[in-house]
Number of protein chains: 2
Amino acid sequence: MSERVLRVGMLGCGNVGAAVIRLLHEHRDDIQRRAGCHLEVARVAVRDLAKRRDVPLDASRFVSDPMEVVEDLDVDIVCELIGGNEPAGSLVLAAFDRDKPVVTANKELLATRGRELFDASDAKGLDLYFEAAVGGGIPLIRPLKESLTGERVRRVLGIVNGTTNYILTRMTDDGSSFDDALREAQRLGYAEADPGADVDGHDAAAKCSILASIAFNARVVASDVFREGISRVTTEDIEFARRLGYVVKLLAIAELDDTERIAVRVHPAMIPATHPLASVRDAFNAVFVEGEKVGELMFYGRGAGGDATATAVVGDLITVARNLVADARGIGCTCFYERTIRPMVEMTGQYYILLRVEDRPGVLAEIARVLGDNAVSIKSVWQEGTGRDAQLVFVTHRAREGAFQQAVAELHALQAVEEVRSVLRVEAEE
Amino acid sequence: MSERVLRVGMLGCGNVGAAVIRLLHEHRDDIQRRAGCHLEVARVAVRDLAKRRDVPLDASRFVSDPMEVVEDLDVDIVCELIGGNEPAGSLVLAAFDRDKPVVTANKELLATRGRELFDASDAKGLDLYFEAAVGGGIPLIRPLKESLTGERVRRVLGIVNGTTNYILTRMTDDGSSFDDALREAQRLGYAEADPGADVDGHDAAAKCSILASIAFNARVVASDVFREGISRVTTEDIEFARRLGYVVKLLAIAELDDTERIAVRVHPAMIPATHPLASVRDAFNAVFVEGEKVGELMFYGRGAGGDATATAVVGDLITVARNLVADARGIGCTCFYERTIRPMVEMTGQYYILLRVEDRPGVLAEIARVLGDNAVSIKSVWQEGTGRDAQLVFVTHRAREGAFQQAVAELHALQAVEEVRSVLRVEAEE
């Protein structure tokens, strides 16, 4: 067997980084057979040199300046696990400058500066791998980018944020409020002290743009993605969903429409309780892919966690090492096309609306007129309670988002409507 | 863009082959960008030259002698879709002899002569890809072989045969008998006129051995796999399963035990109704992968059908073409280790037993003694009916297969037992 050694320079050594170092050590024999060389961690940049870390690596390998790792002549492959836009972006570009391939798990960076990074890696013919950026340990990027090349993907529908899925699972199973479920998620380490990136859908939007870029071979950035978080979802909505045969999930949806425009959105939605995504519980992730020929595929697993994510990073490191040994390069940027992003108002979908209304004759007629005037047709309606507690629940047929939002604005203004309590999209085949 | 052309020689042009030719034609621009070259079908070997085929290809490209395709100097890549052991095996070896990489969907060939084929391809440094051999259009081989290289897989649990899953779904949902469900599957084209390969588990066993070989990096052949079909599963078993909170599925199970031996088996089993595989219905396939670090992953989709399977074949053709253009080679055989196959009698598992018994005092004690004497401990038991219809249903705790089979043999001999109506394995975490 080859005794060649390739050296990895790590940027960051948090949960994932430490798990990567442990995996590279524990599986070193397997890895040598797979990569055709030894993979050794040469240098690790960390913020706090004093911190004790549970990794099989001598303290002398740690440095505090990440650029030192990138510039180290001993480092053959750079593994970026710092996260965020900067300094991560500059460090990755500096690695390419020095002819070093990069493995990263940085969804935010890829979702905002993917084109710049791929231009730099393609210009140098260097690998840029990022399996861990979406879905943690679930193989997603490689299947989409390499296995499904014979297919045209029309739609990707995923639960890609474990924190929000955990919160919605608690609300569904235990009847917890959003606030209580969030506190529970924080207690268990599923949610950050500042939970905005997760609950407001930023994390899911970044992942959505990455999946869309690969699925539709056109660059999509995070800011292209329509985004709505889960903080306004109530236990009442979840209970009405249950009665209607639905489950509420935070979905990342990327679609290629008939005119080859891309629609990308992240928002809570009701999906049929029989849909495979409905049974994805707790912090699990799952991505549903619909292709023209292959039909429906689903990839399911743990979307986060140091160990799970580390398996994806190590898989990428092995591939990059194998390519270096073979003097070859893996697949580069596959955004071959320029495509337009379809504005959200042009989307068509079904909606659920919950209204608190005056309890008097004629109210339903007034509301129905507003919906009808905006070409929103009603699929089902029922009334709950009476007097001051009178509520109306509507589910619409497919309507245009713009028209629907106009209808909601008019409902707000209607005297008969005391409150528009909730509006949720319904993702179902009519 | 490159105007280089690589030429594919097809062996076989059935449902999958015709769909491959159509896909290569329809997606030719996409494919050129992905592969870095044009992919053209140069020659197709078919059994019946007179048969009309719905493919965008001139009749002059068809020949009746498959060796003519392999030997054609114009053919750069051989795509084997004949199936079966021979002549497919000789043709694939002949392709390697002539320095041509091969894409195949032939599970039977890989499951019986995988080592021979990989030895030949490795010796020549030629690609051998076979994504379509397991799970039709579901990306499985590449994720297991390339994405999960950073992981140690401990267990693979799958529904890999669409025909039997369709039959069991009909039996479960409609209460159909096995015979009626089989006839329905045949009417819909899901089952062959001679259904043995599917219902007796041969197809699943071949796929199980392929998955095990990749997951555990050691060669496993079809005959290593313990195999039991579904023809003895009754509606009664399915009804008892339902009452116990289980669903009956034909499972392919590959495990690496604590001593690093491989256990491989295909048989009908009860799985908890809450398990993700329980909701895999009709002709769909799904494979559950359990890794040390990544936890549980699932891959789900259409496991058969010409179009779905063709997407996997075309994905492989694109990869092989890309490698030829780059003068590189994809990953070869990954069976790095020699591992022992654990005999089925050493397996431990839970069991369900349905007995017709004499309705008199002391019967339960006699049966319980036989089980106890063989170290099979009872988890639950109930009695159904009385008099000549008296039945006993047992579910055991984990027991050793050998001991359990001995107990069943002794139950057969027991006067109190009029009939051992059913025995099924129960796959659950105790």
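The values are calculated or read from the model by the stated rules, or taken from the named source; none is laboratory data. Because the structure is a prediction, the values reported are computed rather than measured. Every residue, glycine as well, gets a Cβ built from its backbone with ideal geometry; the counts of neighbours run over all protein chains shown.
Miscellaneous remarks
- Of all the listed residues (A:Ile253, A:Ile271, A:Ile238), the sole one being crowded, with 18+ Cβ neighbours inside 10 Å, part of a helix (DSSP H, G or I) and more than 13 Å from chain B (Cβ to nearest Cβ) is A:Ile238.
- Within region A:68-86, considering residues that are within 24 Å of A:Lys207 (Cα to Cα) and exposed (fewer than 15 other Cβ atoms within 10 Å of the Cβ), the one farthest from the chain's Cα centre (by Cα): A:Glu86
- For B:Ala409, the conditions (1) in contact with a helix residue (DSSP H, G or I) (Cβ under 9 Å, 6 or more places away or on another chain); (2) within 19 Å of B:Gln350 (Cα to Cα) all hold with the exception of (1).
Matching residues to (1) in the same structural domain as B:Phe394 (by TED's automatic domain parsing); (2) touching a helix residue (DSSP H, G or I) at 6+ places or on another chain (Cβ under 8 Å); (3) closer than 30 Å to B:Gly189 by Cβ; (4) buried (at least 24 other Cβ atoms within 10 Å of the Cβ):
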site	(1), (2), (3), (4)
B:Val280	no, yes, yes, yes
B:Gly330	no, yes, no, no
B:Tyr337	no, yes, no, no
B:Val363	yes, no, no, no
B:Ala368	yes, no, no, no
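- Restricting attention to region A:131-141 and to residues that are buried (at least 24 other Cβ atoms within 10 Å of the Cβ) and not small (Gly, Ala, Ser), the residue that is nearest to the chain's Cα centre (by Cα) turns out to be A:Val134.
- Selection of region B:122-141 for residues being under 26 Å from B:Arg98 (Cα atoms) and either facing chain A (nearest Cβ under 7 Å) or hydroxyl-bearing (Ser, Thr, Tyr) (or both) yields B:Tyr129, B:Glu131.
- Among (1) within 30 Å of B:Ser147 (Cα to Cα); (2) more than 24 Å from the chain's Cα centre (by Cα); (3) charged (D, E, K, R), the one test that A:Arg388 misses: (1)
- Screening B:Leu424, B:Leu411, B:Leu354 for residues that are buried (at least 19 other Cβ atoms within 10 Å of the Cβ), at negative phi and either without any contact (Cβ under 8 Å) to a residue 24 or more places away in the chain or touching a Pro at 6+ places or on another chain (Cβ under 8 Å) (or both) leaves exactly one candidate, B:Leu424.
- Residues in region B:287-321 that are facing chain A (nearest Cβ under 8 Å) and either in a strand (DSSP E or B) or under 13 Å from B:Tyr166 (Cα atoms) (or both): B:Gly291, B:Gly295, B:Glu296, B:Leu297, B:Met298, B:Phe299, B:Tyr300, B:Gly301, B:Arg302.
- Taking the conditions (1) at pLDDT 95 or above; (2) within 14 Å of chain A (Cβ to nearest Cβ); (3) not in a helix (DSSP H, G or I) in turn, B:Gly9 satisfies each one other than (2).
- Verdict on A:Gly175 being over 12 Å from A:Asp282 (Cα atoms), at pLDDT 95 or above, touching a Ser or Thr at 6+ places or on another chain (Cβ under 7 Å) and small (Gly, Ala, Ser): yes
- Residues being over 21 Å from A:Glu26 (Cα atoms) and touching a residue at least 12 places away in the same chain (Cβ under 8 Å) - total across region A:49-79: 12
- A:Ala278 being outside any strand (DSSP E or B), within 17 Å of the chain's Cα centre (by Cα) and facing chain B (nearest Cβ under 9 Å): no
- A search for C-beta distances below 7 Å between a residue of region A:267-278 that is modelled with pLDDT under 90 and any residue that is surrounded by 22 or more Cβ atoms within 10 Å (Cβ to Cβ), counting only pairs 6+ apart in sequence or on different chains, returns A:Pro276/A:Phe288; A:Pro276/A:Met298; A:Pro276/B:Tyr300.
A quick yes/no check of all residues on (1) away from chain B (no Cβ under 14 Å); (2) more than 26 Å from A:Thr319 (Cβ to Cβ); (3) exposed (fewer than 12 other Cβ atoms within 10 Å of the Cβ):
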{"position": "A:His27", "(1), (2), (3)": "no, no, no"}
{"position": "A:Ile31", "(1), (2), (3)": "no, no, no"}
{"position": "A:Cys37", "(1), (2), (3)": "no, no, no"}
{"position": "A:Val44", "(1), (2), (3)": "yes, no, no"}
{"position": "A:Arg47", "(1), (2), (3)": "yes, yes, yes"}
{"position": "A:Arg52", "(1), (2), (3)": "yes, yes, yes"}
{"position": "A:Asp58", "(1), (2), (3)": "yes, yes, yes"}
{"position": "A:Arg61", "(1), (2), (3)": "yes, no, no"}
{"position": "A:Pro66", "(1), (2), (3)": "yes, no, no"}
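- Options B:Arg342, B:Arg421: the member that is in contact with an Asp or Glu (Cβ under 7 Å, 6 or more places away or on another chain) and at pLDDT 95 or above: B:Arg342
Results for (1) over 18 Å from A:Ile141 (Cα atoms); (2) in contact with a Cys (Cβ under 6 Å, 6 or more places away or on another chain); (3) at pLDDT 95 or above, shown as yes or no for each residue.
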{"residue": "A:Gly303", "(1), (2), (3)": "no, no, no"}
{"residue": "A:Thr311", "(1), (2), (3)": "no, no, yes"}
{"residue": "A:Leu317", "(1), (2), (3)": "no, no, yes"}
{"residue": "A:Leu324", "(1), (2), (3)": "yes, no, yes"}
{"residue": "A:Ala328", "(1), (2), (3)": "yes, no, no"}
{"residue": "A:Ile331", "(1), (2), (3)": "no, no, no"}
{"residue": "A:Cys335", "(1), (2), (3)": "no, no, yes"}
{"residue": "A:Glu338", "(1), (2), (3)": "yes, no, yes"}
